[in-house]
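The structure appears below as structure tokens.
The values are calculated or read from the model by the stated rules, or taken from the named source; none is laboratory data. Just so it is clear, the model here is predicted, and its values are computed rather than measured. Here the Cβ is made from the backbone with ideal geometry for all residues, glycine too, and neighbour counts use every protein chain on show.
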């Protein structure tokens, strides 16, 4: 992850990132995910015969993050609900992603992607109520009327 002295802009397009770099990162990473003993079965079951579609969506997703293209219009929280994910799955995803980014990207570009991947993993875990950052809010049906 980037050190506290390395500023990585949140809203500017990432320097050194191109569509080709994004495509290489996405394709290399998800090839590794498919072959991974822990993550592969989850992804194969969830996506079945839609791998090409998923890869295109992920290229759009990362292009929207890194290049501010706005091509991604999906709902990541909704897409990951019902997959029975646990904190360890996110840890494994990040480990594979970091190794892939460091391998296929220039060092500063890899740091950008790794920083964003950690932010995305945190956001997904919070939204899915997984891990130490989960809010553990009661469901609306059981929370009662707090204003009553």
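Here is how the numbers come out for the structure above:
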quantity: Which numbered condition residue 17 misses (of (1) surrounded by fewer than 16 Cβ atoms within 10 Å (Cβ to Cβ); (2) more than 24 Å from residue 126 (Cβ to Cβ)); calculated: (1)
quantity: Output for the range 33-46, where each listed residue is buried (at least 16 other Cβ atoms within 10 Å of the Cβ) and touching a helix residue (DSSP H, G or I) at 6+ places or on another chain (Cβ under 6 Å); calculated: 33, 39, 43
quantity: Listing of helices (runs of 4 or more DSSP H) fully contained in the range 1-112 that carry 1 or more residues being modelled with pLDDT of 90 or more; calculated: 19-35, 40-47, 51-66, 87-104
